[in-house]
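J.: Structure incoming, see below.
The values are calculated or read from the model by the stated rules, or taken from the named source; none is laboratory data. Predicted, not measured: the structure shown is a model, and the values here were computed from it. All Cβ positions, glycine included, derive from the backbone under ideal geometry; neighbour counts span all protein chains shown. Surface areas here come from the heavy atoms of the whole protein model, side chains and all, with no ligands, DNA or RNA. Shrake-Rupley method; radii C 1.70, N 1.55, O 1.52, S 1.80 Å.
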Amino acid sequence: MAPMFSKGFLPTPRHFGYHMNTVGICAAAMVCFWAVVAVIGPMLSPYPPGEIVDFDYYGPMSSTLWMGSDYLGRDIFSRILMGARYTVGISLAAVCLACFSGVVLGMTAAVVGGWLDTGLSRLLDALNSIPSKLFGLVMVAAIGSSIPVLIVLLGVIYTPGAFRFARALAVNINTMDYVTVARARGERTGYLIAQEILPNITGPVLADLGLRFVFIVLLLSGLSFLGLGVQPPNADWGSLVRENIGGLPFGAPAVLMPCLAIASLTISVNLLIDNLPVKIRDRSE
Amino acid sequence: MNMQISRLVLGRLGVAFVTLLIVSFVVFAATQMLPGDVVQILLGQAATPEAVAALREAMHLNDPAILRYGHWLIGLAQGELGNSYANDMPVADLIGGRLANTLMLAAVTAAVAVPLALFLGITTAMYRGSVYDRIITMGIVAVISVPEFMIATLAVLTFAVWLKWLPALSFANEVTSVTEMLRVFAMPVITLCCVISAQMIRMTRAAVIDALKMPYVEMALLKGASRRRMVLRHALPNAIGPIVNAVALSLSYLLGGVIIVETIFNYPGIAKLMVDAVSTRDLPLIQTCAMIFCLGYLLLITLADIIAILSNPKLRK
Amino acid sequence: MTNKSVTNWTSRDDAMVENAMRRGATRRDLLRMFMAGGVSLAAGGTILGRASAALAATPVRGGHFKAAGWSASTADTLDPAKASLSTDYVRCCSVYNRLTFLDETGTVNMELADSIDTSDAKVWTIKLKSGVTFHNGKSLTAADVVYSLNRHLDENIGSKVNSIAKQMVEIKAVDPLTVQITLVAANADLPTILSMHHFMIIAEGTTDFSTANGTGAFKVEVFEPGVKSIMVRNENYFKSGGAHLDSFEYFAISDDSARVNALLSGDIHLAASIKPQSIRLVESQSGFDLSTTTSGNYTNLNMRLDMSPGDKAGFIEGVKCLLNRELIQKSVARGLAEIANDQPISPMSPYYNAELKPRAYDPEKAKSLFEKAGLLGQSIPVVASEAATSSIEMATLLQQSGAEIGMKFDIQRVPSDGYWSNYWLVAPIHFGNINPRPTPDILFSLLYDTNAPWNESQYKSKKFDSMLVEARGELDFAKRKTIYDEMQVMVSNEAGTAIPVFLSNVDAKSSKLQGLKANPLGGQMGYAMAEYVWLEA
């Protein structure tokens, strides 16, 4: 039994450095690949994303259309290259926004407690319980539609979840002896949060971030439908799957390829987080 | 002890009630901000200005918003939900059957998903780093990264169109026997499990692993406790807080977030009702649906909070 | 499609042959058509046999028919005056009757009316059939008709056809079976107008529409708005024989692929209005076929003449030249569309101006027009939405054609929610979607008259208005047609509405479902299918 756990409890020298295993390196490579595609992708694409290049629809892969054609006969390869920018960029920005604000507020609420805690919790609960479609429509009506609005909206939708999660973790840590000691030393809230709480919840918070990223990638397509953000002929990957779902019975690459793109990105982001060097991921060890 | 707990529970419920009030205000404000004029949408494209004005007056839409909010709130408190703008039926009648359908689907899904997720979450934490853990961890990310409508469509194509084992549509009111119920619920439940389990599994795993790092677990290890005992007796009780939170959040999705499943399986639930109501600007219906979602959500998280507090003696102060 | 003896022959072509036969094509015409298309004489005979079988099979009595439309909401209604979704029309058609109805050739037939007569097209006398009863046993009288028609004039009811009904200044019962309608001005189209779905006849004094008391072929058994309805056969129906079906269940599945999948899995017999991209799937399975109707539904690009850039000379003409109609027909509609010439009268109508040719795709001409208008290189916002069928796809094509000549069209996709009240008729350049209307008069008065409620491009022409009034009172078909021909040319050249194609409606159905015919009022036999179809065992 014991050796099973010794890995975690008795760090071998390797674990002191920023060492990463093979899976982690592969995942990191994949994430970097998509990040690069997001930046230079549109320059590589063989056709403009809106041009109809095939009179057939849901066309198969061929030497001219590498990933077949979509429901209108547009080149899927070009559309995925173009969509990378939106999916990677918007989701990353939104997930960072959501997790940063959620975690900071969550830890503050847990450490300060009292009325601030109650007030923040109630406010964010109220926010969370408004259906996102309603929320999206109101946002569009109030401030119009643009990419920054979309990012903020996604961030706001996912902040309460991140907040609740971080707060639940922080509340548990907050009762630890070392926190009590630090408080007794007269440390300020900022110090408690940054030095005592944060290092001890990094692992679960990062795992949470990974999942939230996946949800945001998928929710993006739903909000695009409301006319938020990404405008035709451009589209994010989720929307590509959605608009080509009719090709599923034929196993059309038009629906499978964007799915694969989403899966490769989201899985590698999560694998990367899971395999981050122990020193970053879990400073408590 | 009992006094303390009941005071605590009452306190939590009170807080939930205050939240509900805040929510009711936010929901009311949001519905007022929705683009498009209710009367215009009701009367359709051919509406004349006089007809619009007359109907606005008849519907009290010219009253100040705060007055209408007051009326609505008082009505709500008396259980008077008002009539739908769209077809003048009592909102309670429209919601009644559909709410039951939604709750039924949610209950069946929860009954399948929660035990499954807890089992997978705890076992992956126990065997952290093993092949089993890696496969499950990667598997769940793979499953949730497939859009929900794709899973649902794929399930329909496979089981309904090609194999013809299951019906493509789920009409809750046709259920007469247990086998029939299994057939009808199978595909929506599978789809929903794929969506909601992932977060619960991940969070359970993370929380149990965290708890396993605690000194007292190390102590238990040194004492020579079995791994099973160590996880179940020592680590798990301390991981309950985050776990119930994750479970509550995931389950709250089952009330209002199942729109795609309801659409694809043509299941008459409350999420679709709400979307319909938004597009017809049926304010009484939107408000009631939104309040139901909020109520469900608040109940779940309040319950989660209470369980979390009870499970951690240090929080019971 | 099980019979694949002819390669490349799809049920779309079957539908075309059936349509041609309905329009009166002879066997020889059709065989000539096949030869031109490279189909052998023997194979052509097989196809013809199949098409005539579809038209002439003997009805079977009995069965429970399940069909799914695409639009449902809690606003579903059994009040014909308020019906606005296709699901409402289907339900209302099965439980109520109109005074007249349009058959598949567009001819007016009598339904509840026995005869409709006029001498000056202004005062009309309608004789009702005797012996017609409502579901509750009450006999149909002139009072019911007066009540039903008067409801459209009451602004508190919120009738969808209030603006059309307004021309009826007096509706009175002359005797128990005779109604007299006086119009504000002569209108020869009244019998056709009365065939619109909203003018169904309800019993006098009806105010509760949670169920329906009509004269129709079915009675309401279950009606849950936004969920479903079940109708059972009315055994006392006034038409001999009555409906073939025992019962009829109708509901909506809004998701297109879910609707098709429900059909293919055998859960329903008919999936209304499927996307062109789903056709290949339906055709690949045996036991299913398609029913295609081109009835005058279109999605158009509206450029307001009173706002920039539509007010700049040459811009509208340029956009009309820049719309690649053939590509829209081929790619967006997958061939299930007829190319249109920027005016709303469809080729199905006897008033269609065949002389007026659609504009050819001419980017060079468009470029010079934009240059002259001083707009080349500017970014032009175009509002599109899922709410207007295929508008996003059409906008994308326009954008692409524009990019090739240095014209930047900036597509703004907006939510379907609230589209019709917030963007349609409002934005300088936006898309609209117009459903088929039975007469040119209705279309023109609704859409192009100076005071038209839906004047999409703010087209204002005194000459056009006076021609509209003149044609309305003209009882001679040839003279009317001449006027309408010229009006079509005017709309096509002057108005800011670009109408690229007429979209066909495709209903996918199980081959067991028989008796479904095309109808100028829309898909599903002009929504009135329940009374006429039957299920083969």
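J.: Just to check your reading of the model, which residue among A:G17, A:G24, A:G89, A:G83 is more than 14 Å from chain C (Cβ to nearest Cβ), at pLDDT 85 or above and farther than 24 Å from A:A254 by Cα?
T.: Working: A:G17 fails: at pLDDT 85 or above; A:G89 fails: farther than 24 Å from A:A254 by Cα; A:G83 fails: farther than 24 Å from A:A254 by Cα.
Sole residue among the options that is more than 14 Å from chain C (Cβ to nearest Cβ), at pLDDT 85 or above and farther than 24 Å from A:A254 by Cα: A:G24.
J.: Do you know which residues across region C:414-432 are in contact with an Asp or Glu (Cβ under 7 Å, 6 or more places away or on another chain) and either free of Cβ contacts under 8 Å to residues at least 40 places away in the same chain or on the phi > 0 side of the Ramachandran plot (or both)? Steps first, please.
T.: Taking region C:414-432 as the starting set, the residues that turn out to be in contact with an Asp or Glu (Cβ under 7 Å, 6 or more places away or on another chain) are C:416, C:421, C:425, C:432.
The answer is C:S416, C:S421, C:L425.
J.: Within region C:435-452, identify whether any single residue is over 23 Å from the mean Cα position of the chain (by Cα) and either on the phi > 0 side of the Ramachandran plot or not in a strand (DSSP E or B) (or both), and answer yes or no. Talk me through it step by step, then tell me what you get.
T.: First, pick out the residues of region C:435-452 that are over 23 Å from the mean Cα position of the chain (by Cα): C:450-451.
Now restrict to residues that are either on the phi > 0 side of the Ramachandran plot or not in a strand (DSSP E or B) (or both): C:450-451.
Yes, region C:435-452 has at least one match.
J.: Still on this structure, I have one more. Keeping to region A:112-129, report how many residues are surrounded by fewer than 20 Cβ atoms within 10 Å (Cβ to Cβ), among the aliphatic types (A, V, I, L, M) and either touching a Cys at 6+ places or on another chain (Cβ under 9 Å) or closer than 13 Å to A:F163 by Cβ (or both). Even if it seems obvious, please write down each step before you answer.
T.: Initially, region A:112-129 is screened for residues surrounded by fewer than 20 Cβ atoms within 10 Å (Cβ to Cβ), giving A:112-120, A:122-123, A:127.
Of the ones still in play, those that are also among the aliphatic types (A, V, I, L, M) are A:112, A:116, A:120, A:123, A:127.
Cutting the leftovers down to either touching a Cys at 6+ places or on another chain (Cβ under 9 Å) or closer than 13 Å to A:F163 by Cβ (or both) gives us A:116, A:120, A:123, A:127.
Count: 4.
J.: Name the residues in region C:502-537 that are over 22 Å from C:Y298 (Cβ atoms) and acidic (D, E), would you?
T.: Scanning region C:502-537 gives C:E531, C:E536.
J.: Does B:V156 qualify as being more than 22 Å from A:L256 (Cα to Cα) and among the hydrophobic types (A, V, I, L, M, F, W, C)?
T.: Details: more than 22 Å from A:L256 (Cα to Cα): no; among the hydrophobic types (A, V, I, L, M, F, W, C): yes.
Taking the combined requirement at face value, the residue does not satisfy it.
J.: Let me ask something else about it. Among the numbered conditions (1) surrounded by fewer than 16 Cβ atoms within 10 Å (Cβ to Cβ); (2) farther than 30 Å from A:L276 by Cβ; (3) touching a residue at least 60 places away in the same chain (Cβ under 8 Å); (4) not polar (S, T, N, Q), tell me where B:L116 comes up short.
T.: (2)
J.: Can you list the helices (runs of 4 or more DSSP H) found entirely within region B:118-218 that contain at least 1 residues being more than 30 Å from A:R242 (Cα to Cα)? I'd like the intermediate steps shown before the answer.
T.: Values: elements: B:131-144, B:148-155, B:178-212.
Filter on region B:118-218 gives B:131-144, B:178-212.
J.: In region C:198-213, which residues are assigned to a loop (DSSP other than H, G, I, E, B), out of contact with any strand residue (DSSP E or B) (no Cβ under 6 Å at 6 or more places or on another chain) and within 13 Å of chain B (Cβ to nearest Cβ)? Don't jump to the end; show me each part of the working.
T.: Here is the first cut: in region C:198-213, the residues assigned to a loop (DSSP other than H, G, I, E, B) are C:201-213.
Checking which are out of contact with any strand residue (DSSP E or B) (no Cβ under 6 Å at 6 or more places or on another chain) leaves us with C:201-210, C:213.
Hits for region C:198-213 are C:T207, C:D208, C:F209, C:S210.
J.: I'd like to verify a number: residues in region B:75-134 that are in contact with a Lys or Arg (Cβ under 7 Å, 6 or more places away or on another chain) and under 18 Å from B:L295 (Cα atoms), how many?
T.: 0
J.: Another question about this same structure. Checking the structure you have, find out if any residue of region C:528-536 is assigned to a loop (DSSP other than H, G, I, E, B), of a type outside the set (S, T, N, Q) and open to solvent by less than 10 Å² (accessible area, probe 1.4 Å).
T.: Yes: region C:528-536 contains one or more residues that are assigned to a loop (DSSP other than H, G, I, E, B), of a type outside the set (S, T, N, Q) and open to solvent by less than 10 Å² (accessible area, probe 1.4 Å).
J.: Please go through region B:49-87 and pick out each residue that is outside any helix (DSSP H, G or I), loosely packed, with under 15 Cβ neighbours inside 10 Å and not small (G, A, S). Can you show your working first?
T.: Restricting attention to region B:49-87, the residues satisfying the condition of being outside any helix (DSSP H, G or I) are B:59-64, B:78-87.
Next, from what is left, pick out any that are loosely packed, with under 15 Cβ neighbours inside 10 Å: B:60, B:62-64, B:78-80.
Hits for region B:49-87 are B:H60, B:N62, B:D63, B:P64, B:Q78, B:E80.
J.: Something else now. Would it be correct to say that C:P428 is open to solvent by 30 Å² or more (accessible area, probe 1.4 Å) and closer than 17 Å to C:P344 by Cβ? Please lay out each step first, then the result.
T.: Numbers: open to solvent by 30 Å² or more (accessible area, probe 1.4 Å): yes; closer than 17 Å to C:P344 by Cβ: no.
It is false that C:P428 is open to solvent by 30 Å² or more (accessible area, probe 1.4 Å) and closer than 17 Å to C:P344 by Cβ.
J.: Further, regarding this structure: Any residue at all in region B:93-101 that's free of Cβ contacts under 8 Å to residues at least 12 places away in the same chain and not hydrophobic (A, V, I, L, M, F, W, C)?
T.: Yes, region B:93-101 contains at least one residue that is free of Cβ contacts under 8 Å to residues at least 12 places away in the same chain and not hydrophobic (A, V, I, L, M, F, W, C).
J.: Might you check whether a residue that is at the interface with chain A (Cβ under 9 Å from one of its Cβ atoms), open to solvent by 10 Å² or more (accessible area, probe 1.4 Å) and within 20 Å of B:T204 (Cα to Cα) occurs anywhere in region B:255-273?
T.: Taking region B:255-273 as the starting set, the residues that turn out to be at the interface with chain A (Cβ under 9 Å from one of its Cβ atoms) are B:256-257, B:259-260, B:271.
Next, only the ones that are open to solvent by 10 Å² or more (accessible area, probe 1.4 Å) stay: B:256-257, B:259-260.
With the extra rule that they be within 20 Å of B:T204 (Cα to Cα), the set shrinks to none.
No, the conditions are met nowhere in region B:255-273.
J.: Quick check: is even one residue across region B:200-207 at pLDDT 80 or above, open to solvent by less than 40 Å² (accessible area, probe 1.4 Å), within 30 Å of A:M176 (Cα to Cα) and hydroxyl-bearing (S, T, Y)?
T.: yes
J.: Going through region A:232-279 one residue at a time, which ones are more than 23 Å from A:F213 (Cα to Cα), open to solvent by 30 Å² or more (accessible area, probe 1.4 Å) and assigned to a helix (DSSP H, G or I)?
T.: A:F250
J.: Only one of (1) among the charged types (D, E, K, R); (2) more than 9 Å from every other protein chain (Cβ to nearest Cβ); (3) open to solvent by less than 30 Å² (accessible area, probe 1.4 Å) fails for B:R183. Which number is that?
T.: Looking at each condition in turn, B:R183 falls short on (3).
J.: Among the residues of region C:263-308, which ones are among the hydroxyl-bearing types (S, T, Y), assigned to a strand (DSSP E or B) and either open to solvent by less than 10 Å² (accessible area, probe 1.4 Å) or within 9 Å of another protein chain (Cβ to nearest Cβ) (or both)? Steps first, please.
T.: Here is the first cut: in region C:263-308, the residues among the hydroxyl-bearing types (S, T, Y) are C:265, C:273, C:278, C:284, C:286, C:291-295, C:298-299, C:308.
This time we only want the ones that are assigned to a strand (DSSP E or B), so: C:291-295, C:298-299.
Matches in region C:263-308: C:T293, C:Y298, C:T299.
J.: Here's a follow-up. State which residue is farthest from the other protein chains (Cβ to nearest Cβ) when the search covers only region A:191-217 and only residues that are over 19 Å from B:R128 (Cβ atoms), open to solvent by less than 30 Å² (accessible area, probe 1.4 Å) and under 8 Å from the mean Cα position of the chain (by Cα).
T.: Looking at the filtered set, the residue picked out is A:I216.
Residue-by-condition table, conditions (1) more than 9 Å from every other protein chain (Cβ to nearest Cβ); (2) assigned to a strand (DSSP E or B):
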residue: C:T215; (1), (2): yes, no
residue: C:I230; (1), (2): yes, yes
residue: C:F238; (1), (2): yes, no
residue: C:H244; (1), (2): yes, no
residue: C:N261; (1), (2): no, no
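J.: Looking only at region A:61-76, filter to residues that are touching a residue at least 40 places away in the same chain (Cβ under 8 Å) and away from chain C (no Cβ under 13 Å); which one of those is most open to solvent (accessible area, probe 1.4 Å)?
T.: A:M61
J.: Also, I was wondering about something else. For region C:337-374: of the residues being among the hydrophobic types (A, V, I, L, M, F, W, C) and more than 30 Å from C:R480 (Cα to Cα), which is surrounded by the fewest Cβ atoms within 10 Å (Cβ to Cβ)?
T.: We begin by selecting, within region C:337-374, every residue among the hydrophobic types (A, V, I, L, M, F, W, C); these are C:337, C:339-340, C:345, C:348, C:354, C:356, C:360, C:366, C:369-370, C:373.
Adding the requirement that they be more than 30 Å from C:R480 (Cα to Cα) leaves C:366, C:369-370, C:373.
Working: C:A366: 25, C:L369: 23, C:F370: 27, C:A373: 18.
Within region C:337-374, the match that is surrounded by the fewest Cβ atoms within 10 Å (Cβ to Cβ) is C:A373.
Okay, residues lined up against (1) surrounded by fewer than 22 Cβ atoms within 10 Å (Cβ to Cβ); (2) in contact with a Pro (Cβ under 8 Å, 6 or more places away or on another chain):
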{"site": "B:M104", "(1), (2)": "yes, no"}
{"site": "B:T124", "(1), (2)": "no, no"}
{"site": "B:I135", "(1), (2)": "yes, no"}
{"site": "B:A142", "(1), (2)": "yes, no"}
{"site": "B:V156", "(1), (2)": "no, no"}
{"site": "B:S170", "(1), (2)": "no, yes"}
{"site": "B:V178", "(1), (2)": "yes, no"}
{"site": "B:M187", "(1), (2)": "no, no"}
{"site": "B:I190", "(1), (2)": "yes, no"}
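J.: Take residues that are open to solvent by 40 Å² or more (accessible area, probe 1.4 Å) and under 30 Å from C:T294 (Cβ atoms) and tell me which of the strands (runs of 3 or more DSSP E) falling wholly in region C:99-178 contain 3 or more.
T.: Details: elements: C:100-102, C:108-110, C:113-118, C:123-128, C:168-175.
The strands (runs of 3 or more DSSP E) meeting that bar are C:108-110.
J.: Here's something else I'd like to know. Select from region B:224-279 the residues that are aromatic (F, W, Y) and not in a helix (DSSP H, G or I) and list them in ascending order.
T.: If we filter region B:224-279 for residues that are aromatic (F, W, Y), which is where we start, we get B:253, B:265, B:267.
Within region B:224-279, B:F265, B:Y267 meet the criteria.
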